[in-house]
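S.K.: Quick one: the structure is below, questions incoming.
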Amino acid sequence: MPKDRRDVADIDTNPADVAVGKTAVLYRMALTDHLCPSGQKARWLLERQGYDVDDRLFRTRTEVDAFKAEHDVKTTPQAWIEGERVGGYTDLRERLTGWDPKATTYRPVLYLFAVAALTAIALSIGFLGAITWQTLGWFISVSMILLGMQKLRDIEGFSTMFLNYDLLARKWVPYAYIYPFVETGAGILMTGMMLTWVSAPAALFIASIGAISVFKAVYIDKRELKCACVGGNSNVPLGFVSLTENLMMVGMAVVMLWLMV
């Protein structure tokens, strides 16, 4: 069972001496006006990994400042395991789970596509009573909305990454700022099956340029870049996912234009 939480002022034992075996020592803030969320996550992670946590709580800012000066650290929480200081929650996560914050991953975009698919299925069953070809259309249009919102969330970060490979944006920088609004707006109109004469050409235009840009950067120039598809500062690699995003938009736009004829 985890040890009881104790105030730092009542403790005089060296953390390195206590942190042996499956016992961990954790210093974290529990002030009247601030309960450190990273400290809570650090305790939860340690307990999940089977550690008995000696939980040492700071009750005043003075105690926090004194601890930082004594151990020459800039932040709390701070954890000790196996006789040595590991650091805060991020350091613990890297040490105990092998998590690499810089590793490439498709997880964000997989989650997004899963939400879009479930939303499309819900719309189909709720309004049409069955899964039809319209389900696929809704999946694509809802994906466009979600992807656009991710870009709008940090449009500066997105535009910086986008300029690494998009051919039109590299010629005309404002296009990098316009793109997320066009993608989101076209997705909304396509979901509502409204103003097809606006949404379909807009989606076809941005998606065609996007597909050509990604294909050139990845498969011709052989560049290893991060994808801006889920916004700035993502670790999603540029390649198949971004190309798929653009090809889905192209397909959706072509079908909608064909149905207009």
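The values are calculated or read from the model by the stated rules, or taken from the named source; none is laboratory data. Nothing here was measured: the structure is a model prediction, and the numbers come from that model. Here the Cβ positions follow ideal geometry from the backbone for every residue, glycine too, while neighbour counts run over all protein chains shown. Side chains included, ligands, DNA and RNA excluded: accessible areas come from the protein's heavy atoms. Shrake-Rupley method; radii C 1.70, N 1.55, O 1.52, S 1.80 Å.
S.K.: Please turn the phi angles of region 168-182 into ³J(HN,Hα) values with the Karplus equation 6.51 cos²θ - 1.76 cosθ + 1.60 (θ = phi - 60°), one per residue in order, whole Hz, x for glycine and proline.
M.R.: For region 168-182, the Karplus curve yields 6, 4, 6, 8, 9, 3, x, 4, 5, 8, 6, 3, x, 5, 5 Hz.
S.K.: Among 26, 126, 45, whose Cα projects farthest towards the positive end of the dipole of the chain, with charges put on the beta-carbon of Lys, Arg (+1) and Asp, Glu (-1)?
M.R.: So the residue furthest toward the plus end is 126.
S.K.: Something else: DSSP beta bridges in the chain, what fraction antiparallel, as a percent rounded to 5?
M.R.: Numbers: 9 of 18 bridges.
Taking every DSSP beta bridge with both residues in the chain, the antiparallel ones total about 50 percent.
S.K.: Quick one: Kirkwood hydrodynamic radius for region 142-201, alpha-carbon pairs, angstrom, one decimal?
M.R.: On the way: mean 1/r = 0.0844 Å⁻¹.
By the Kirkwood definition, the hydrodynamic radius is 11.8 Å.
S.K.: Something else: Give me the 1.4 Å probe accessible area per residue for region 13-134, excluding ligands and nucleic acids, in Å². Write down the numbers at each step before the final one.
M.R.: On the way: 6980 Å² over 122 residues.
Averaged over the residues of region 13-134, the accessible area is 57 Å².
S.K.: Taking amide H positions as placed in the peptide plane 1.01 Å from N, state which residues far from residue 23 in sequence (5 or more) or on other chains have amide H under 5 Å from it.
M.R.: Here the answer is 52, since their amide H atoms fall under 5 Å of that of residue 23.
S.K.: Right, here's the next one. Go through 22/74; 41/74; 74/226; 151/222; 102/151 and tell me which ones have a Cα-Cα distance over 29 Å in this structure.
M.R.: Values: 22/74 26 Å; 41/74 18 Å; 74/226 31 Å; 151/222 25 Å; 102/151 20 Å.
Over 29 Å apart, Cα to Cα: 74/226.
S.K.: Counting chymotrypsin sites (Phe, Trp or Tyr not before Pro) as exposed when in a DSSP loop with at most 16 other beta carbons within 10 Å, what is the longest stretch of the chain free of them?
M.R.: On the way: sites that count: 99, 106, 172.
Result, exposed sites excluded: 1-98.
S.K.: Restricting to DSSP loop positions (anything but H, G, I, E, B) with no more than 15 other Cβ atoms inside 10 Å of their own Cβ, which trypsin sites (Lys or Arg not before Pro) remain in region 31-74? Don't skip to the end; give the middle numbers.
M.R.: Working: sites: 41, 43, 48, 56, 59, 61, 68, 74; in loops: 59, 74.
Taking region 31-74 and a limit of 15 other Cβ atoms within 10 Å, the loop trypsin sites (Lys or Arg not before Pro) found are 59, 74.
S.K.: A follow-up question, please. Dimensions of region 177-261 along principal axes (Cα, Å, largest first)?
M.R.: Here the spans come out as 40, 24, 17 Å, largest first.
S.K.: log₁₀ I(q)/I(0) of region 1-88 at q = 0.21 Å⁻¹, via Debye over equal Cα point scatterers, no solvent, to two decimals?
M.R.: Log10 I(q)/I(0), no solvent term: -0.98.
S.K.: If you average the sequence gap of Cα pairs under 8 Å that are 6 or more apart and divide by the length of the chain, what percent do you get for the contact order?
M.R.: Numbers: 408 pairs, mean separation 41.2, N = 261.
Taking the mean separation of contacting Cα pairs over the length of the chain, I get 16 percent.
S.K.: Return the loop-located trypsin sites (Lys or Arg not before Pro) in region 192-261 (DSSP other than H, G, I, E, B) with at most 16 other Cβ atoms within 10 Å of their own Cβ; answer none if there are none. Write out the running numbers ahead of the final one.
M.R.: On the way: sites: 216, 222, 223, 226; in loops: 222, 223.
Those satisfying the criteria are 222, 223.
S.K.: Which percent of Cα-Cα pairs in region 119-261 sits in each 10 Å bin, short to long?
M.R.: Percent of Cα pairs in each bin: 13, 43, 32, 12, 1.
S.K.: Quick one: Karplus J couplings for region 147-155, per residue in order, coefficients 6.51, -1.76, 1.60, θ = phi - 60°, nearest Hz, x for Gly and Pro?
M.R.: With the stated coefficients, region 147-155 comes to 5, x, 5, 4, 5, 5, 4, 9, 5 Hz.
S.K.: Mind sorting out which of [x] 22.9, 76; [y] 25.2, 81; [z] 21.7, 86 is the real Rg and Dmax of the Cα atoms in Å computed from the coordinates?
M.R.: [y]
S.K.: Determine ³J(HN,Hα), in whole Hz, for all residues of region 52-65 in sequence, where each value follows from phi through the Karplus function 6.51 cos²θ - 1.76 cosθ + 1.60 and θ = phi - 60°; x replaces Gly and Pro.
M.R.: Working through the residues one at a time gives 8, 8, 8, 8, 10, 9, 7, 9, 9, 5, 4, 5, 4, 5 Hz.
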